[in-house]
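A.B. asks: Sending over a structure as structure tokens; questions will come in a sec.
The values are calculated or read from the model by the stated rules, or taken from the named source; none is laboratory data. Note that the coordinates shown come from a computational prediction; the quantities given were computed from them, not determined experimentally. Note that each Cβ is placed from the backbone with ideal geometry, even for glycine, and that neighbours are counted across all protein chains shown. Each accessible area value is taken on the protein alone, full model and side chains, heavy atoms only, with ligands, DNA and RNA left out. Shrake-Rupley method; radii C 1.70, N 1.55, O 1.52, S 1.80 Å.
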Amino acid sequence: MGIEELIGILQGVNLFYYTIAVVVLILTMLVNALTWQYFMRPLEVKVPFRKTFLFTWIGVFVDILVPAESISGDASKVYLMTKETGENAGKVVASIVSHRILAMVISLSSLIFSSIVLYTIQYELPAAVLNLVLLIIIGTGISLFFIFLCILKETWTQKIVETVLRFLAFVTRGRLNIINLRTKAAKTLNAFHSSIVLLLKKPTNLVAPIFFAVVSWLFSIFISYLVFVSLGQEVDFVLITIVYSVSVNIQSIPLGIPGEVGLVEIVMTSLYGLLGVEAGIAAAATVLIRLLTVWLRMIIGVMAVQWIDMKDLVRNLRQNLS
């Protein structure tokens, strides 16, 4: 497929449906922020929702910009929320880790459920797609297993942190106050595990976050569906779910490429092609989806960062003038 053909397809986009996709993207971020907010409520991390929403955008921006997906963004959110609320970082980490685990469980469940549906209706997945799906299911399952072990086995987490501190002590050759860091880490870990226990102790605390997380996931898939509709194509929602689930999992691998730009596009286009979508439509849909999920989110994330900087500047000016 040539560039001219791709441009021709893109020029035929129905802007009405594509605009709806933009609105759904913003709603997805809103509901995603609500998930985090309702994880923090039982932990008594009190913060206005507008701040949570703002920090969610910044987290996504950092994830896209810094090539350490699913680590850098969460770290920035921990820093911003801890600074905003003054709470122990362990509480904030517990809310974010819980949110991350829930997202992984939903993604895994979605992939398994979609595969079962296709098997039930006797839709035969191409071997390459099936192998990739199985690889992601196994990989995500193993990751979740070790995450749960670290959460439930407090001594394991302590050993990991201690190993990291020893490594830092070796690398910095005594320039860091490791004793002070060890004390702070112990307090953070204690608050983290206490917060996890609190969340698990009362399952009703998880009802709202689970609901919002599922809605956010469905909205995310609906964005891709609307993009295909804007191109005048109807692709089965189950197939879109499989491609989205695979691409999200690939994007979560820290390969050192900001936003995994290039790799994810190739994977998405190839998967849609293997699942029967015409090559030109698959490429055009991938471009349009990534414009929303990467570039638009990055632009709004930059605006969120600028907004925080402006608020800090105004606050400092007021303090200096008073």
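A.B. asks: Of Q122, L108, L181, which is farthest along the charge dipole of the chain in the positive direction, counting Lys and Arg as +1 and Asp and Glu as -1 at C-beta?
C.D. replies: L181
A.B. asks: To the nearest 20 debye, what is the magnitude of the charge dipole of the chain about its Cα centre, counting +1 on the Cβ of each Lys and Arg and -1 on the Cβ of each Asp and Glu? Please list the in-between numbers first.
C.D. replies: Values: 23 positive and 18 negative charges, 415 e Å.
Charge dipole of the chain: 2000 debye, to the nearest 20.
A.B. asks: Could you tell me the distance between the Cα centroids of segment 217-242 and segment 194-208, to the nearest Å?
C.D. replies: 33
A.B. asks: Same structure, new question: How far, in nm, would the chain grow between K201 and M303 when pulled straight, counting 0.36 nm per residue and subtracting the alpha carbon separation?
C.D. replies: Values: separation 102, 0.36 × 102 = 36.72 nm, distance 3.88 nm.
The K201-M303 span can extend by a further 32.8 nm.
A.B. asks: Still on this structure, I have one more. Rounded to the nearest whole Å³, what is the per residue volume of the convex hull around the Cα atoms of segment 54-146? Spell out each step's value before the answer.
C.D. replies: Details: hull volume 11.0 nm³, N = 93.
Once divided by residue count, the hull of segment 54-146 is 118 Å³.
A.B. asks: Roughly what % of Cα-Cα distances in the chain sit above 24 Å, to the whole percent?
C.D. replies: Working: 30827 of 51681 pairs.
That fraction is 60 percent.
A.B. asks: With n ≥ 4 as the cut-off for DSSP H runs, can you work out [θ] at 222 nm for the chain, using -39500 (n - 2.57) per run divided by the number of residues, rounded to the nearest 500?
C.D. replies: -27000 deg cm²/dmol
A.B. asks: May I pose another question? In straight Cα distance, which lysines are under 27 Å from K46, not counting same-chain residues fewer than 8 positions off?
C.D. replies: Cross-link targets: K77, K83, K91, K184, K187, K201, K202, K311.
A.B. asks: Taking the Cα atoms only, what angle lies between the long axis of helix 237-251 and the longest principal axis of the chain, rounded to 10 degrees?
C.D. replies: 40
A.B. asks: Moving on to the next point. For Y123, list long-range residues whose amide hydrogen, built 1.01 Å from N in the peptide plane, is under 5 Å from its own amide hydrogen.
C.D. replies: Correct list: empty.
A.B. asks: Turning to a different aspect of this structure: Take peptides 195-206, 227-238 and line them up by average Cβ neighbours within 10 Å, highest first, as a rough protection proxy.
C.D. replies: On the way: 195-206: 14.4, 227-238: 18.2.
Going by the mean number of other Cβ atoms within 10 Å, highest first, we get 227-238, 195-206.
A.B. asks: Could you tell me which residue out of A94, F148, Q11 lies farthest along the dipole of the chain toward its positive end? Charges go on the beta carbon: Lys and Arg +1, Asp and Glu -1, centred on the Cα centre.
C.D. replies: So the residue furthest toward the plus end is A94.
A.B. asks: Please state the relative contact order of the chain as a whole percent: Cα pairs under 8 Å, 6+ residues apart? Spell out each step's value before the answer.
C.D. replies: Values: 334 pairs, mean separation 110.5, N = 322.
It rounds to 34 percent for the chain.
A.B. asks: Using a 10 Å cut-off on Cβ atoms, rank the peptides 239-251, 74-86 from the highest mean neighbour count down. Please report the intermediate quantities before stating the final value.
C.D. replies: On the way: 239-251: 22.9, 74-86: 17.8.
Top of the packing list down: 239-251, 74-86.
A.B. asks: A follow-up question, please. With r defined as the distance between the Cβ atoms of E162 and V105 and R0 fixed at 25 Å, what FRET efficiency is calculated, to the nearest 0.05?
C.D. replies: Numbers: r = 29 Å, r/R0 = 1.15.
E(calc), rounded to 0.05, equals 0.30.
A.B. asks: Roughly to the nearest percent, how much of the accessible area of the chain is carbon and sulfur, given a 1.4 Å probe? Please list the in-between numbers first.
C.D. replies: On the way: 11810 of 17240 Å².
Using a 1.4 Å probe with all protein chains present, the chain comes out at 69 percent carbon and sulfur.
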